Amino acid sequence: MKFTIEKTCSITGARAGILETAHGIIETPIFMPVATKGSVRGMPWDTVEDLGASIVLGNTYHLHIRPGEQIIERAGGLHNWSKWPKAYLTDSGGFQVFSFARRGQAKIDNQGVTFKDDLEGKTHRIGPTESMAIQKSLGADIVMAFDHCPPANATFEDIDIAVQRTYEWAQKCLDFKLQDYQSLFLIVQGGRFEELRQKSLDQLISLNAEGYALGGISVGESREEVDKVVKSMAHKLPDNKPRYLMGVGTPRDLIVGISSGIDMFDCVLPTRISRHGSYFGESGKAESITKKSNTEDLDSPLVKNCTCATCLRFSKAYLKHLFQRSEITVYYYLSLHNLHTLLNLSRQMRSAILENKMQDFLNNHPMGHLAFIK
């Protein structure tokens with residue numbers, strides 16, 4: 001993997017870069033659609049590619065539970081198995097298994113986590129070595145270190161333990177021999193405590209990994225708390241390496257994150273909210289297609305001037321009708337719009353950085369002022 005910064009905005013610190021992987025070039029900043037089980041929910045691969053996605057995220061936990069990394073490895077890895085020709089990133093599985101611990105369904109120790117899966121109730125054990133072995137078999141271009149992700153309301157002491165575990169596990173992940181083309185990113189923890197975020201950052205930077213992520217974000221905090229962590233920590237991540245903000249993906253998140261110097265984002269939200277009849281509206285906030293005013297709105301697309309295939313073709317009235325009649329195609333149409341919104345926003349902000357027009361872009365965007373709130 002090779003990462004090159006093309007330009008940095010002198011006003012905000014936003015960056016435009018090129019990330020070169022074994023399965024293609026990624027222009028950053030970039031939003032990564034989530035292919036949890038080897039597919040972006042409800043979206044054909046050719047549509048995902050047409051939307052401009054150059055990298056997607058696979059979920060290590062779900063792929064390990066079913067069908068199992070051995071089958072995917074025999075198929076030639078995630079790329080050949082799923083027939084996605086571009087880059088893949090896999091998370092470590094840590095977020096999922098630690099969510100079991102929060103529900104009292106897992107036991108954590110200094111070597112890893114023992115838990116029962118949510119499909120058949122079988123007992124599993126995942127630690128840093130196991131996570132690396134799974135991700136090696138999956139064959140993603142970028143793999144994430146196994147980290148301890150505590151809940152938002154955890155105490156200072158519990159988060160400090162998670163920070164130390166994350167550091168010790170990161171060392172084990174780095175010691176593991178991945179495939180030659182695979183790159184390992186480490187994950188900064190620390191919750192809402194700036195002191196612990198800085199401690200985790202200092203520890204992990206000393207290990208000199210190929211990329212760094214901010215983890216434990218949007219796990220129960222307010223939007224303001226999330227913004228505060230991103231703005232205070234993003235610019236402290238290494239300048240010459242990719243910066244990844246894990247698990248967030250709304251227009252607001254991209255405005256704040258990119259303006260703070262983040263390069264990569266992922267989130268299940270664009271496809272998840274579509275299944276509940278929601279879409280990213282004019283302001284960038286999620287709106288419901290079931291609003292009464294949409295019943296007879298025969299002329300308006302979801303968003304005026306949006307260039308996605310959904311908005312170019314359909315009215316709000318038609319899409320509301322489909323949703324109310326549980327017509328399955330509506331989930332595709334809303335997901336397409338939501339993914340387009342985030343991928344297009346990434347492209348627009350990248351262009352603004354390269355053309356020295358970030359100030360103008362933020363001044364004209366409904367959420368642009370958020371980039372300047374301390």
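Derivation of every value follows stated rules applied to the coordinates shown; laboratory data play no part. Keep in mind that this is a model prediction, so the values were computed, not measured. Here the Cβ positions follow ideal geometry from the backbone for every residue, glycine too, while neighbour counts run over all protein chains shown.
Does region 2-273 classify as rounded, prolate or oblate by the C-alpha gyration tensor (a ≥ b ≥ c root eigenvalues; a/c under 1.5 gives rounded; else a/b over b/c gives prolate, otherwise oblate)? Rounded.
Find, to one decimal place in angstroms, the Kirkwood hydrodynamic radius of region 65-121, where the mean of 1/r is taken over every pair of different Cα atoms and then inverted. Before the final figure, lay out each step's value.
Values: mean 1/r = 0.0752 Å⁻¹.
Every distinct Cα pair counted, the radius reaches 13.3 Å.
Using R0 = 45 Å, the C-beta based FRET efficiency linking Ile161 and Phe314 works out to 0.30. For the chain, a Gaussian network of Cα nodes joined below 10 Å ranks Cys308, Cys149, Cys173 by mean-square fluctuation, and the top entry is Cys308.
DSSP assigns beta bridges within region 98-253; of those with both partners inside it, close to 45 percent run antiparallel. Full extension of the chain between Phe372 and Gln348 gives 6.8 nm of extra length, using 0.36 nm per residue less the Cα-Cα distance.
Bridging of Lys291 to lysines at a Cα separation below 22 Å is possible for Lys304, Lys316, Lys320, once same-chain residues fewer than 8 apart are set aside. By the Cβ distance rule of under 4.7 Å, the chain has these cysteines without a partner: Cys9, Cys149, Cys173, Cys267, Cys308.
Between Leu119, Leu186, Leu336, the Gaussian network model of the chain with springs among Cα atoms under 10 angstrom shows the greatest mean-square fluctuation at Leu119. Of all beta bridges that DSSP places with both ends in region 2-273, some 45 percent have antiparallel geometry.
Note on the chain: with a GNM built from Cα contacts shorter than 10 Å, the maximum mean-square fluctuation among Gln164, Gln198, Gln105 falls on Gln105. Residues of the chain were split at every exposed loop site, defined as GluC sites (Glu not before Pro) in a DSSP loop with at most 14 other C-beta atoms within 10 angstrom, and the longest piece left, sites excluded, is 121-281. Positive contributions from Lys and Arg (+1) and negative ones from Asp and Glu (-1), summed over other residues with Cβ under 13 Å from the Cβ of Ser326, come out at +2. Seen against the Cα atoms of the chain and their longest principal axis, helix 156-175 is set at about 80 degrees.
Taking a ≥ b ≥ c as the square roots of the Cα gyration tensor eigenvalues, with a/c under 1.5 meaning rounded and otherwise prolate when a/b beats b/c, else oblate, which class fits region 101-187? Present the calculation step by step, with values, prior to reporting the outcome.
Numbers: a/c = 2.26, a/b = 1.29, b/c = 1.75.
Taking the square roots of the gyration eigenvalues as a ≥ b ≥ c, region 101-187 is oblate.
Quick check: from the Cα gyration tensor, does region 97-140 come out rounded (a/c under 1.5), prolate or oblate? Here region 97-140 falls in the oblate category.
For the chain, what does -39500 (n - 2.57) per DSSP helix run (n ≥ 4), summed and divided by total residues, give at 222 nm, in deg cm²/dmol to the nearest 500? Don't skip to the answer; put the middle values down first.
On the way: 15 runs with 149 residues, N = 374.
Calculated from helices alone, the mean residue ellipticity at 222 nm is -11500 deg cm²/dmol.
Here the simple spin-label model places points 7 Å from the Cα toward Cβ, and for Leu119 and Ala152 these points are separated by 3.0 nm.
If contacts are Cα pairs under 8 angstrom and at least 6 residues apart, what is the relative contact order of the chain in percent? Relative contact order, the chain: 17 percent.
On full extension of the chain, what length is gained from Gln171 through His321, given 0.36 nm per residue of separation minus the C-alpha to C-alpha distance? Don't skip to the end; give the middle numbers.
Details: separation 150, 0.36 × 150 = 54.00 nm, distance 5.38 nm.
Full extension from Gln171 to His321 adds 48.6 nm.
The translational diffusion coefficient of region 1-93, from Stokes-Einstein at 20 °C and 1.002 mPa s with a Kirkwood hydrodynamic radius over alpha carbon pairs, comes to 149 µm²/s.
May I ask you to list the trypsin sites (Lys or Arg not before Pro) in region 173-204 that are in a DSSP loop and have at most 10 other Cβ atoms within 10 Å of their Cβ?
Values: sites: Lys177, Arg192, Arg197, Lys199; in loops: Lys177, Arg192.
Passing sites in region 173-204 are Lys177.
Between Gln70 and Ala22, the contour length at 0.36 nm per residue exceeds the Cα-Cα span by 15.1 nm.
Past 19 Å, Cα to Cα: identify those pairs from Lys177/Lys241; Lys136/Lys177; Lys241/Lys357; Lys136/Lys241; Lys107/Lys136; Lys199/Lys231, in the order given.
Numbers: Lys177/Lys241 21 Å; Lys136/Lys177 9 Å; Lys241/Lys357 24 Å; Lys136/Lys241 22 Å; Lys107/Lys136 25 Å; Lys199/Lys231 17 Å.
Exceeds cut-off: Lys177/Lys241; Lys241/Lys357; Lys136/Lys241; Lys107/Lys136.
What are the equivalent ellipsoid semi-axes of region 197-302, built from the alpha-carbon gyration tensor (square roots of five times its eigenvalues), in whole angstrom, biggest first?
Details: eigenvalues 246, 30, 26 Å².
So the three semi-axes of region 197-302 are 35, 12, 11 Å.
Tell me which trypsin sites (Lys or Arg not before Pro) from region 89-155 have a DSSP coil assignment and no more than 12 other beta carbons within 10 Å of their own. Those satisfying the criteria are Arg103, Lys122.
Return the FRET efficiency for the residue pair Glu224, Thr295: r is the Cβ-Cβ distance, R0 is 22 Å, and the value is rounded to the nearest 0.05. It would help to have the intermediate numbers written out before the result.
Working: r = 35 Å, r/R0 = 1.61.
Calculated value: 0.05.
Summarising the label geometry, the points placed 7 Å from Cα in the beta-carbon direction at Ser232 and Glu194 lie 0.5 nm from one another.
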